[in-house]
Amino acid sequence: MSIRSIILERVTMIAEQQGKQLAPLTDELPLLNSGLDSLCIAIVVANLDDELGLDPLSSDDQSAFPVTLGDFIRLYEDAAA
Amino acid sequence: MGAPLEALRGRSVMISTERQLTAALALCELDGIARRMLLCTPDMSPTHVSSAITDAEIDTIVTDGGGPAKNVAHDTSLIFVGDRLKPCEGTPDRSVDTEWLLLTSGTTGRPKLAVHTLASLVGPLNDGLVVQDAPVWSTFYDIRRYGGLQILLRAFVGGGSMVLSSAGEPVADFLSRAGANRVTHISGTPSHWRRTLMSAATSRMNPRYVRLSGEACDQAILDNLRQAYPDANVAHAFASTEAGVAFDVRDGQAGFPASLIGQIGKDVSIRVEDGSLRIRSSRVADRVIGNHGRALSDAEGYVDTGDIVELRGDRYYFAGRREGVINVGGLKVHPETIEAVINQHPAVHMSRVSGRSSPITGAIAVAEVVINPSAAACGVSFAAIRNEILGLCRGRLAPHEIPVTIREISSLEIAASGKLVRRHA
């Protein structure tokens, strides 16, 4: 399973668990308009850390916070590369 | 409806409002008139409202018809206000040294109320913050919390105007309003600021002073804010409702220089004792109601913030909370509250909740549980038990209190004191 599909699956699962209505998931979708609040995003990040062993947002050389879902996915793809 | 201000002289007043603005106006009008004012936070539970009414000997509730005291049964008089109380004839006598009662954040059981006065809240700040003419203040905090009230009072005392944030307002909309109103000084928690940076709307405002408080501040958020607001001073403050604002750090680095230990300016001293940061200043609360008789400060006047700090090189860094309180995006979570819910599940022998660091909310709550031998023997899967535990938590806890992960472990360490061994969150 690709990193992208794992992330999309997690986002969908956590939105459902937290009772959040998700916007259609596209690369251009701003994360804060996705329907996920900060807590949901924190849960997604913790889940991905457990599942992929990657936590690019906590890394020391993290240069910018992701704005769109595409940015978010790219952070993980780059961290895995 | 309204009520003459004079009728509230010497009263112990609870301020319960739907709108922040009404609360701000009530505070202004009642200071110097009321014996005490208890400011309800917007998310205060009905149980907390009831116990606060008793503990603070509240005899009057001032309300705009909403707020947390709405629908709470009480036998105090209720005074409705619109935008303001009816002014007195002439200039009212404001000689009462009104107590300002603020809820300390992260309270379990009965709420604890920090007793301040206007003097301790605005106490000589001496922090060298350069405020030019006509500053425009703003804050991501609700002004009914200590962090937000600080900014409101700076605006009241120091002059200028203020833009209030509003719960539920999209970040980008708030930033647009802040920009349109030319906000110059703005504060929030690191979690508020992370949301701002993720909003793609950071450039809609151009503040000159950006302040972080209420949570530990890491290097990434400081670096990102400096990049987003190159013209702004970025400062992170050490403050708590009980200890007041102690000091702020403006060198762009996380933690604080060890050279600050001792006297800071004229009014503040800090020291580290038993690993935690202690503060003595004129901004410390006078006392805390509901603190089980424990004194707020030691014999020398130092308040233990409960923040564990670690010396690395020539700086101290935040390393967690003494009593294991977890700070989830500025909302404090007591592990014991969550453990009490988890432990209600019949298959659970014991549990431990701790904080796990998060680049989004600073921390999140995670749980470890030990399953009863008898339940384990029945062959029920842990996955099924975990789902039931989550169900219990969802029914009884706020979203930020629900453990993000629940892990099964074979045993939990108990200290010689008989208490669960906790790591610093």
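For the stretch B:40-50, which residues satisfy the criterion of being crowded, with 17+ Cβ neighbours inside 10 Å and at pLDDT 90 or above?
Answer for the stretch B:40-50, where residues must be crowded, with 17+ Cβ neighbours inside 10 Å and at pLDDT 90 or above: B:C40, B:T41, B:V49.
Of these, A:L31, A:L52, which one is more than 11 Å from chain B (Cβ to nearest Cβ), open to solvent by less than 60 Å² (accessible area, probe 1.4 Å) and at pLDDT below 95? If you could, list the steps in order and put the result at the bottom.
On the way: A:L31 fails: more than 11 Å from chain B (Cβ to nearest Cβ).
Being more than 11 Å from chain B (Cβ to nearest Cβ), open to solvent by less than 60 Å² (accessible area, probe 1.4 Å) and at pLDDT below 95 holds for just one of A:L31, A:L52, which is A:L52.
Just checking, which of B:R315, B:R352 is touching an Asp or Glu at 6+ places or on another chain (Cβ under 8 Å), basic (K, R) and at pLDDT 90 or above?
B:R352
Applying the selection to the stretch B:228-245, what residues are farther than 16 Å from B:R145 by Cβ, among the aliphatic types (A, V, I, L, M) and outside any strand (DSSP E or B)?
Correct list: B:A228, B:A232.
Can you pull out the residues in the stretch B:302-337 that are at positive phi, part of a loop (DSSP other than H, G, I, E, B) and more than 14 Å from chain A (Cβ to nearest Cβ)?
If the condition is that a residue be at positive phi, part of a loop (DSSP other than H, G, I, E, B) and more than 14 Å from chain A (Cβ to nearest Cβ), then B:G313, B:G324 are the ones that fit.
Can we say A:S58 is at pLDDT below 90 and on the phi < 0 side of the Ramachandran plot?
In short, yes.
Does B:A254 satisfy being within 14 Å of chain A (Cβ to nearest Cβ), among the small types (G, A, S) and more than 23 Å from B:L121 (Cβ to Cβ)? First the steps, then the outcome.
Numbers: within 14 Å of chain A (Cβ to nearest Cβ): yes; among the small types (G, A, S): yes; more than 23 Å from B:L121 (Cβ to Cβ): yes.
Yes: the conditions hold for B:A254.
Residues that are open to solvent by 40 Å² or more (accessible area, probe 1.4 Å), over 18 Å from B:A363 (Cα atoms) and either within 8 Å of chain B (Cβ to nearest Cβ) or modelled with pLDDT under 90 (or both): does the stretch A:68-78 have at least one?
no
Identify, by number, the condition in (1) away from chain A (no Cβ under 14 Å); (2) open to solvent by less than 10 Å² (accessible area, probe 1.4 Å) that B:I389 doesn't meet.
Among (1) away from chain A (no Cβ under 14 Å); (2) open to solvent by less than 10 Å² (accessible area, probe 1.4 Å), B:I389 violates only (1).
B:R407 passes all but one of (1) within 14 Å of chain A (Cβ to nearest Cβ); (2) surrounded by fewer than 16 Cβ atoms within 10 Å (Cβ to Cβ); (3) touching a His at 6+ places or on another chain (Cβ under 9 Å); which number fails?
B:R407 satisfies all of (1) within 14 Å of chain A (Cβ to nearest Cβ); (2) surrounded by fewer than 16 Cβ atoms within 10 Å (Cβ to Cβ); (3) touching a His at 6+ places or on another chain (Cβ under 9 Å) except (3).
Taking the stretch B:198-223 as the search range and keeping residues that are open to solvent by 20 Å² or more (accessible area, probe 1.4 Å) and modelled with pLDDT of 90 or more, which one is farthest from the other protein chains (Cβ to nearest Cβ)?
Here the answer is B:R208.
Here is a yes/no grid of residues against (1) within 18 Å of the chain's Cα centre (by Cα); (2) open to solvent by 10 Å² or more (accessible area, probe 1.4 Å); (3) farther than 22 Å from B:K112 by Cβ:
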| site | (1), (2), (3) |
| --- | --- |
| B:S12 | no, no, no |
| B:I15 | yes, no, no |
| B:L21 | no, yes, yes |
| B:L38 | yes, no, no |
| B:A56 | no, no, no |
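Taking the stretch B:75-101, which residues are open to solvent by less than 30 Å² (accessible area, probe 1.4 Å), at pLDDT 95 or above and either outside any loop (DSSP other than H, G, I, E, B) or acidic (D, E) (or both)?
Within the stretch B:75-101, B:W100, B:L101 meet the criteria.
Do the conditions hold for B:S276, that is, is it more than 21 Å from B:V115 (Cβ to Cβ) and of a type in the set (G, A, S)?
Answer is yes for this residue.
Return the residue satisfying two criteria in turn: it lies in the stretch B:338-372 and is within 11 Å of chain A (Cβ to nearest Cβ) and assigned to a strand (DSSP E or B), and of such residues it is most open to solvent (accessible area, probe 1.4 Å).
B:S357
Going by the conditions given, is B:R226 open to solvent by 20 Å² or more (accessible area, probe 1.4 Å) and either among the aromatic types (F, W, Y) or away from chain A (no Cβ under 14 Å) (or both)?
Values: open to solvent by 20 Å² or more (accessible area, probe 1.4 Å): yes; either among the aromatic types (F, W, Y) or away from chain A (no Cβ under 14 Å) (or both): no.
The answer is no for B:R226.
Does B:P170 satisfy the criteria of being in the same structural domain as B:E215 (by TED's automatic domain parsing) and in contact with a strand residue (DSSP E or B) (Cβ under 9 Å, 6 or more places away or on another chain)? Break it down stepwise before answering.
On the way: in the same structural domain as B:E215 (by TED's automatic domain parsing): yes; in contact with a strand residue (DSSP E or B) (Cβ under 9 Å, 6 or more places away or on another chain): no.
Spelling it out, it is not the case that B:P170 is in the same structural domain as B:E215 (by TED's automatic domain parsing) and in contact with a strand residue (DSSP E or B) (Cβ under 9 Å, 6 or more places away or on another chain).
When you scan the stretch B:280-290, do you find a residue that is over 16 Å from B:K112 (Cβ atoms) and out of contact with any strand residue (DSSP E or B) (no Cβ under 6 Å at 6 or more places or on another chain), even just one?
Going through the stretch B:280-290, the residues over 16 Å from B:K112 (Cβ atoms) turn out to be B:280-283.
Remaining after also requiring out of contact with any strand residue (DSSP E or B) (no Cβ under 6 Å at 6 or more places or on another chain): B:282.
Looking for residues that are over 16 Å from B:K112 (Cβ atoms) and out of contact with any strand residue (DSSP E or B) (no Cβ under 6 Å at 6 or more places or on another chain), one finds at least one in the stretch B:280-290, hence yes.
The values are calculated or read from the model by the stated rules, or taken from the named source; none is laboratory data. As the structure is a prediction and not an experimental result, all values here were calculated from the model. Here the Cβ is made from the backbone with ideal geometry for all residues, glycine too, and neighbour counts use every protein chain on show. Accessible surface areas use protein heavy atoms only, side chains included; no ligands, DNA or RNA. Shrake-Rupley method; radii C 1.70, N 1.55, O 1.52, S 1.80 Å.
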